[in-house]
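Here the structure is laid out as structure tokens; the discussion comes afterwards.
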Amino acid sequence: MTLESLSSLERRKVVPELLQDRGDLLVVTGLGSPSYDAMAAGDNDANFYLWGGMGSSITIGLGLALAQPERPVLVLTGDGEMLMGMGALATAGAKHPRNLNIAVLDNERYGETGMQLTHTAHGVSLAELAKACNFDRTDIITEMEEIGPFRQQMQSTDAGLRFAQIKIKAENLEKVLPSRDGVHIKNRFRAHLGFQPL
Amino acid sequence: MNPDHPNAEWSAVMFDILRDAGIGLFTHVPDHGNDFLIALAMEHNDTRTLLLTSEEEGVAICAGADLVGKRAILCMQSSGVGNCPNYLSLAKGANFPILMMITMRGDYGEQNPWQYPMGEAVDSILETMGVLNFKVERRDELEKATLAAVDASGKGQKPAAIVLSQKFLGAKGF
């Protein structure tokens with residue numbers, strides 16, 4: 001399935017809608033704009049913001065979901081980051097945790113390096129990939145009203161493996177920077193789950 | 001293409017050297033440092049570009065091109081060097097003369113602590129995998145380093161990288 005044109009969804013409206021009333025949700029954000037979007041929606045101890053390791057967000061979320069099956073997990077990333085670790089979709093699909101959600105903010109661009117087009121601008125469907133990788137639910141979201149139903153499912157720990165490709169407008173927004181101190185972010189996240197630093 | 005792009009002048013010089021050497025395929029993961037070079041390669045009739053999802057794909061594509069007598073280059077940011085070592089077995093195991101153009105993060109003037117781990121590892125990864133390292137820290141080093149890498153890989157049959165420091169490129173601010 002190829003979408004002819006980008007949707008008019010704005011990422012800074014989509015992400016707060018996705019993260020509102022988040023309850024027990026643990027969130028991993030892919031480097032670049034998804035980290036800034038999550039920060040803009042409100043910093044949270046249960047957010048782990050990536051600033052590097054491009055391609056690793058889904059596998060980090062998979063590790064979390066397997067280790068904490070009683071908490072719902074969201075990986076919030078972008079199309080370029082996800083494409084760099086595409087094999088992670090198959091790894092997640094094969095293991096099939098029922099508490100893992102992946103939401104890809106797809107602007108068909110590499111935002112950090114100058115808005116160069118990604119493969120999703122050239123006919124590649126991430127949602128179809130996820131479907132082929134044994135995901136239970138795969139949505140292509142182009143309207144704000146579709147975020148709510150995805151959010152409700154996302155907060156379940158037994159609704160299956162879920163993937164949403166959220167088509168968004170290509171826009172360069174002011175960066176809302178989370179802490180770049182990875183050790184701080186890690187320890188804060190662990191403390192939120194009741195684990196103290198060594 | 002924007003002629004006021006900060007990399008326009010040297011990218012054109014580098015592109016001409018690469019094209020003259022018969023490099024016809026520019027594989028790349030986008031970066032600020034290589035985007036004018038890639039735009040030139042997209043525009044010119046002698047050259048084609050190929051967008052990668054992850055840098056190691058470019059190592060294999062360069063090897064495939066070499067198998068059929070063509071020359072290709074892998075253009076990437078330094079963080080992508082970390083994705084390449086296993087595929088660089090092709091360079092060591094079958095002596096494929098892989099050519100790379102690496103734009104540095106995590107060196108001179110870097111402001112993002114997350115860029116340092118890979119920035120600091122580039123030299124040792126290249127050395128470990130047997131890739132010659134031709135550094136550019138000043139504008140007057142660009143032609144020589146590019147020619148040296150092109151000749152080392154094309155004539156010398158050695159894997160080689162042109163490595164552009166942030167001292168030359170400028171560091172990214174926030």
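The values are calculated or read from the model by the stated rules, or taken from the named source; none is laboratory data. Keep in mind it's a predicted model, so treat the numbers as computed, not measured. In this analysis, Cβ positions are derived from the backbone assuming ideal geometry, glycine residues included, and neighbour counts consider all displayed protein chains. Accessible surface is based on the protein model in full, side chains and every heavy atom, while ligands, DNA and RNA are left aside. Shrake-Rupley method; radii C 1.70, N 1.55, O 1.52, S 1.80 Å.
One residue stands out in the range A:166-182 among those that are outside any loop (DSSP other than H, G, I, E, B) and not aliphatic (A, V, I, L, M): the one that is farthest from the chain's Cα centre (by Cα), namely A:G182.
Counting only strands (runs of 3 or more DSSP E) that sit wholly inside the range A:59-165, those with at least 2 residues that are open to solvent by less than 30 Å² (accessible area, probe 1.4 Å) and among the hydrophobic types (A, V, I, L, M, F, W, C) are A:73-78, A:100-106.
A:M39 meets the conditions (1) within 14 Å of chain B (Cβ to nearest Cβ); (2) in a loop (DSSP other than H, G, I, E, B) in every case but one. The failed one is (2). Taking the range B:58-158 as the region of interest, the helices (runs of 4 or more DSSP H) fully inside it that hold 2 or more residues being within 14 Å of chain A (Cβ to nearest Cβ) and surrounded by fewer than 19 Cβ atoms within 10 Å (Cβ to Cβ) are B:116-128. Each residue in the range A:145-198 was checked for being away from every other protein chain (no Cβ under 14 Å) and of a type in the set (S, T, Y), and 2 pass. Of all residues in the range B:135-174, those being closer than 20 Å to B:I73 by Cα and of a type outside the set (S, T, N, Q) number 24. What about B:F26, is it part of a helix (DSSP H, G or I), within 14 Å of chain A (Cβ to nearest Cβ) and either of a type outside the set (S, T, Y) or under 16 Å from the mean Cα position of the chain (by Cα) (or both)? Judged against the criteria, B:F26 is not a match. Looking only at residues of the range B:31-57 that are part of a loop (DSSP other than H, G, I, E, B) and open to solvent by 20 Å² or more (accessible area, probe 1.4 Å), we find that the one that is nearest to the other protein chains (Cβ to nearest Cβ) is B:H32. Across the range A:17-44, the qualifying residues are those that are over 13 Å from the mean Cα position of the chain (by Cα) and over 12 Å from A:P178 (Cβ atoms), and the one among them that is least open to solvent (accessible area, probe 1.4 Å) is A:R22.
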